[in-house]
Amino acid sequence: MESNTVISIQNLVKRFPVGGDFFTALKNVDLKLHKGEFTGLIGPSGSGKTTLLNIIGGLDSASEGTVRVLDQSLDNTTHNERAKLRRKYMGFIFQSYNLLPVYTVFENIELPLILNKIDQANRIKRVNQAIEWVGLTNKRNSKPNMLSGGECQRTAIARALVHEPVLVMADEPTANLDAENSHNIMRILTKLNNELDTSFVFATHDEKIMGYLKRIIRLEDGNIINDKKIKKEDV
Ligand SMILES: Nc1ncnc2c1ncn2[C@@H]1O[C@H](COP(=O)(O)OP(=O)(O)OP(=O)(O)O)[C@@H](O)[C@H]1O
Ligand SMILES: [Mg+2]
């Protein structure tokens, strides 16, 4: 794999068992993503966006084909190897936030740093920075059940970014945010993309996200039907 290739997928097929039969959610996907790309997967509900993100993140496996992520083949890796790859190099923003209810905003965001064995002084510095990015300084000690949907989403976004991953996967990251917060978040993500060369893959329906993307891949019925790079002057 070339050094700036972050994701390389060939002939990916994903079948889910349904009843006694199979449903084919991804039919024959070829895809290459490079370092620093800011890519959106778009397409109708059920077209396979989340399925593709889950496979790239090693949360689900391919039925056929080869998947290489960050210079590692996911085809023959163990569960633990994939978990390690995720923990160190990837960030996830899920449709459902997956926050831990007994932890505060600060503690939820701190978790990836504890898992990566970052010392406490550094953890405090980096969590505070991430909390500031998403504008939650005044909610740092609140637990998720005391937060609005948008605040939960912003906490989840800070948690995905706090360890400065190489690759961030985001499934509808602005689904529960108003226009102002959506644009704020997209500006933060764009800044990280520019400054740290973090690669982003979004699954989204949100028109507000589209204007920030540098590449748009359209899925339909489990196939990539369009893939276009957006030139800066077009935006
Ligand atoms: N575990 C599963 N078992 C069976 N079918 C599944 C499973 N997960 C997904 N599917 C099916 O695969 C197809 C693609 O689902 P996916 O969640 O990837 O769509 P999506 O593009 O993310 O849609 P949305 O925009 O609604 O989030 C859908 O038809 C869905 O019903
Ligand atoms: Mg989805």
| request: Mind listing just one residue for me: the one in region 1-59 that is part of a strand (DSSP E or B) and charged (D, E, K, R) and, of those, farthest from Asp206 (Cα to Cα)? | output: Asp21
| Which condition number in (1) within 14 Å of ligand 2 (Cβ to nearest atom); (2) exposed (fewer than 15 other Cβ atoms within 10 Å of the Cβ); (3) within 23 Å of Leu167 (Cβ to Cβ); (4) not polar (S, T, N, Q) is the one that Pro44 fails? | (3)
| When you go through (1) surrounded by fewer than 22 Cβ atoms within 10 Å (Cβ to Cβ); (2) in contact with a strand residue (DSSP E or B) (Cβ under 6 Å, 6 or more places away or on another chain); (3) assigned to a helix (DSSP H, G or I) one by one for Ala121, which number turns out not to apply? | (2)
| Lone unmet requirement of (1) under 24 Å from Asp178 (Cβ atoms); (2) free of Cβ contacts under 8 Å to residues at least 24 places away in the same chain; (3) of a type in the set (Gly, Ala, Ser) for Ala121 | (1)
| query | Is it true that some residue in region 78-90 is closer than 30 Å to Lys143 by Cβ, assigned to a strand (DSSP E or B), touching a residue at least 24 places away in the same chain (Cβ under 8 Å) and more than 16 Å from ligand 1 (Cβ to nearest atom)? | reply | yes
| query | Which residues, taken from region 41-69, are under 17 Å from the mean Cα position of the chain (by Cα), more than 8 Å from ligand 1 (Cβ to nearest atom) and of a type in the set (Val, Ile, Thr)? | reply | Ile42, Ile55, Ile56, Val67, Val69
| task | Could you check Thr39 against (1) farther than 23 Å from Ile225 by Cβ; (2) surrounded by 17 or more Cβ atoms within 10 Å (Cβ to Cβ) and say which number it fails? | result | (1)
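Computed from the coordinates by the stated procedures, all read-outs in this text should not be read as laboratory data. All of these numbers come straight from a predicted model, not from anything done at the bench. In this analysis, Cβ positions are derived from the backbone assuming ideal geometry, glycine residues included, and neighbour counts consider all displayed protein chains.
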